Amino acid sequence: MGNIACFVERYNFTDPREVGALQNFKLTAEGMGHRFNFVFRENLAELPKHDAVFIRATTDPLYTAYVVSKTAWELGLKVVDDPKSIQVCGNKVHLYELFKRHDVPHIPTIFLNKDEFHHKKILEIFNAFGRPVVLKAPYTSFSRYVEKVACETSFREVAKRFFRRSDILVVQKFMPTAFDWRVGVLNNEVLYVCKYMVPKGRWKHGVKRRGKPTFVWGRTVSLKRENAPEKLKETALKACALIGNGLYGVDIKEFDGNFVVVEVNDNPSIYAGYEDLRNKDIYSKIIAYLTN
Amino acid sequence: MLVVSNIDLALETPIMKPSAFLESSIKDFTLNINNDYRYLKTGYYVSLHAEVLGNRVIPSTENIVDAYRTPILLLRASKAGITTMPFVVTDSAKQIMSNFDFPTVIFAVNPFSFEGFRIAKNRSSLYKAVKSLSMNYKFAVCAQPLLGEIISFKSIFGRCEVKEQAQKIAEEVYNIFRIPLCKLHVQLAGERAFLSGLQQIRKDELTQLDLQLLRREVSRLLRDGERLVG
């Protein structure tokens, strides 16, 4: 019998779909004969009492979740997401450097250094990628800090904002599609496949409402993993192999039967009735991975 | 060995600027000299680029991320035998008070605040420190008991000019994390020294003596090869 700590923050219990998924994890683990305890940041001293740690709070090398992951790793516990995955996936510059180096098909990307943030460079970027282009802060998650810019003024305004935290930004070609594929991968195997639809009149799956703090999200269409295109699954597995063998959500765009990786996310969203709709075994597979 | 530095080392050997290195594909053992290695800063990206190219690099990105996160710094340091104080990671002042008596020393564990630490001598200053460093309780803080005084000093390749016990800690921290330039916070209590935290150095804090020491260390590494840096 294993003893699993699930590290969560209070915000993980605000969305009923996420609460449903967390309950499913707990019920599945207990059904398999394991203990499954939610651990909040007030109870981190309890981590060593567990055999494995499953992180559901948002990860980033600068967040508490990294401290939890690295602590568990140093204690020799099994941990999802492991610190290396958080470090690589949490920084899009790291991710695209790896994709470039290892020939993983990805959206045309260049890096913009703070030192070369000037008129000539911006023009070069527009000439290379056309207008608009997508500016991405390396620490983006949940579609935040990703903005489309079509003129030098807005390019400067957005880049200046993103440069406050990072000395390098990601600039990508704008490649609109009706949906992004999301392939869930665990231990180098495909766990689930979904289509993250883009809301009508928008260009990404999650878009902030104008003047409000809330987001509009597109629909999620779930597929049985065996029905997803083979080439899609191969591309996702190739991208994940560069990072590790943990749990990842790979975003992929499809153009004329070709698949290009948008990004690999550690700590992918798992909502009850969405990612798990056609692949009910994702809970048991993750629990088995944590306890084996 | 390739030296990439944002500090003018005035050496005869060519030194590469970080911006030039980030555009290059040079494959060589890389020594990354920077006053600021924090995550998402240029010093970090130089090490990242070197690693992606397959180069051995000092410091590694893993060590950078760990050394600048106080709880991980203390955890790895204590595992390696460096004396550290017990600590708690929390956003609750109440929990800190239930673990330690006053005064306590508080470090931020959030993505925005990087500057040093706060000392809380009583309940109200603790609440203020936790509220501020946790950014209104959104992030956690790392609290340690304060049994003596905290001294902060520059460590250049593990060398520094402070009391013997603290000097030993600087050497040991360098041996574990290999951060060539940083500022260390060490607690002195009686005859003992305890590692408390690590942060970046501002360029204007580097004196002529520091630069001389830095030059000497880099020259020694260039002369004696990679074996000295492991």
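The values are calculated or read from the model by the stated rules, or taken from the named source; none is laboratory data. Everything quoted here is computed from the prediction, not taken from an experiment. Every residue, glycine as well, gets a Cβ built from its backbone with ideal geometry; the counts of neighbours run over all protein chains shown.
Condition check: within 12 Å of chain A (Cβ to nearest Cβ), of a type outside the set (Ser, Thr, Tyr) and out of contact with any Lys or Arg (no Cβ under 9 Å at 6 or more places or on another chain). Does B:Gln95 satisfy that? Answer is yes for this residue.
One residue alone among B:Gly197, B:Gly148 is small (Gly, Ala, Ser), modelled with pLDDT of 95 or more and touching a strand residue (DSSP E or B) at 6+ places or on another chain (Cβ under 6 Å), and that residue is B:Gly197.
Between B:Pro71, B:Pro59, the distinction of being surrounded by 19 or more Cβ atoms within 10 Å (Cβ to Cβ), touching a residue at least 40 places away in the same chain (Cβ under 8 Å) and within 11 Å of chain A (Cβ to nearest Cβ) belongs to B:Pro71 only. The conditions of being in a strand (DSSP E or B) and either charged (D, E, K, R) or outside the structural domain of A:Ile122 (by TED's automatic domain parsing) (or both) are not met by A:Leu169. If only residues of the stretch A:107-136 that are in contact (Cβ under 8 Å) with a residue 40 or more places away in the chain and either within 14 Å of chain B (Cβ to nearest Cβ) or touching an Asp or Glu at 6+ places or on another chain (Cβ under 6 Å) (or both) are counted, the one that is farthest from A:Leu95 (Cα to Cα) is A:Phe117. Hey, which of the helices (runs of 4 or more DSSP H) in the stretch A:40-151, taking only ones fully inside, have at least 3 residues that are more than 22 Å from A:Pro268 (Cβ to Cβ)? By residue number, A:119-129. If the condition is being of a type in the set (Val, Ile, Thr) and within 14 Å of chain B (Cβ to nearest Cβ), then the stretch A:15-52 contributes only A:Val39. Out of the residues in the stretch B:85-117 that are in a strand (DSSP E or B), under 16 Å from B:Tyr68 (Cα atoms) and of a type outside the set (Phe, Trp, Tyr), state the one that is modelled with the lowest pLDDT. Among residues in the stretch B:85-117 that are in a strand (DSSP E or B), under 16 Å from B:Tyr68 (Cα atoms) and of a type outside the set (Phe, Trp, Tyr), the one modelled with the lowest pLDDT is B:Val109.
Within the stretch B:22-54, if we keep just the residues that are more than 12 Å from chain A (Cβ to nearest Cβ) and within 14 Å of the chain's Cα centre (by Cα), the residue that is farthest from A:Thr140 (Cα to Cα) turns out to be B:Ile33. Can you tell which of B:Leu40, B:Leu9 is surrounded by fewer than 18 Cβ atoms within 10 Å (Cβ to Cβ) and in a loop (DSSP other than H, G, I, E, B)? Just a single option satisfies the conditions, and that option is B:Leu9.
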